[in-house]
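The values are calculated or read from the model by the stated rules, or taken from the named source; none is laboratory data. Since this is a predicted model, take the numbers as computed values, not measurements. A quick note on method: Cβ atoms are made from the backbone with ideal geometry, for glycine too, and the neighbour counts reach across all protein chains shown. The area values use the complete protein model at the heavy-atom level, side chains included, leaving out ligands, DNA and RNA. Shrake-Rupley method; radii C 1.70, N 1.55, O 1.52, S 1.80 Å.
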Amino acid sequence: MPVNKEQLAGAYTELKSYIQSKHCNPIVVRLAWHDAGTYNSAIKEFPQRGGANGAIRFKPELSHGHNAGLKVALDLLEPIKAKYPDVSYADLFQMASAVGIEVAGGPKIDMRYGRKDATSEQDCAQDGLLPAPQHPTSGAAVDHLRKVFNRM
């Protein structure tokens, strides 16, 4: 997908001050992870394979149990999206995460842009693809994590 470099640069600059002023680093990182964490390498077709495609903004995916509270992050990023409409939601969510890490004192994360957005609720990933919270030393937790990360 072609990218508008001016809009990407503007969104990046604005996100730096916006995330610092709102102290919303953790929730934008979580939003990006939950959008990307639905990826399934066994499915070849877009957008059915999930991943960082912005589908989390649609009700079916946003209402997954693991995504509780992420509407707050979507609402925080909507003014940036409105100002930079050529930046896809998928790119905006991943950029916000990288910026959130950077402004918190973490490393600057090099990113590639041009992600294509899911366009409707029918593009949402099925529930249950993110790692489920379990006691970290249980055998079930280990097996579950292996299954999730092998899928990616």
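Every residue, every condition in (1) surrounded by 14 or more Cβ atoms within 10 Å (Cβ to Cβ); (2) touching a Lys or Arg at 6+ places or on another chain (Cβ under 8 Å), yes or no:
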| position | (1), (2) |
| --- | --- |
| Ala42 | no, yes |
| Pro47 | yes, yes |
| His66 | yes, no |
| Leu74 | yes, yes |
| Glu78 | no, no |
| Phe93 | yes, no |
| Ala104 | no, no |
| Pro107 | no, no |
- [ ] Please work out which one of (1) open to solvent by less than 30 Å² (accessible area, probe 1.4 Å); (2) farther than 16 Å from Ala11 by Cα is the condition Ser97 fails and give its number.
- [x] (2)
Open item on the list: Going residue by residue through the range 103-123, is there one that turns out to be at pLDDT 95 or above and part of a helix (DSSP H, G or I)?
Closed with: yes
Task: Residue that is surrounded by the fewest Cβ atoms within 10 Å (Cβ to Cβ) [pool: residues in the range 1-33 that are of a type in the set (Gly, Ala, Ser) and more than 13 Å from Leu74 (Cα to Cα)] - done: Ser21
Open item on the list: Can you report the number of residues in the range 1-15 which are among the charged types (D, E, K, R) and without any contact (Cβ under 8 Å) to a residue 24 or more places away in the chain?
Closed with: 2
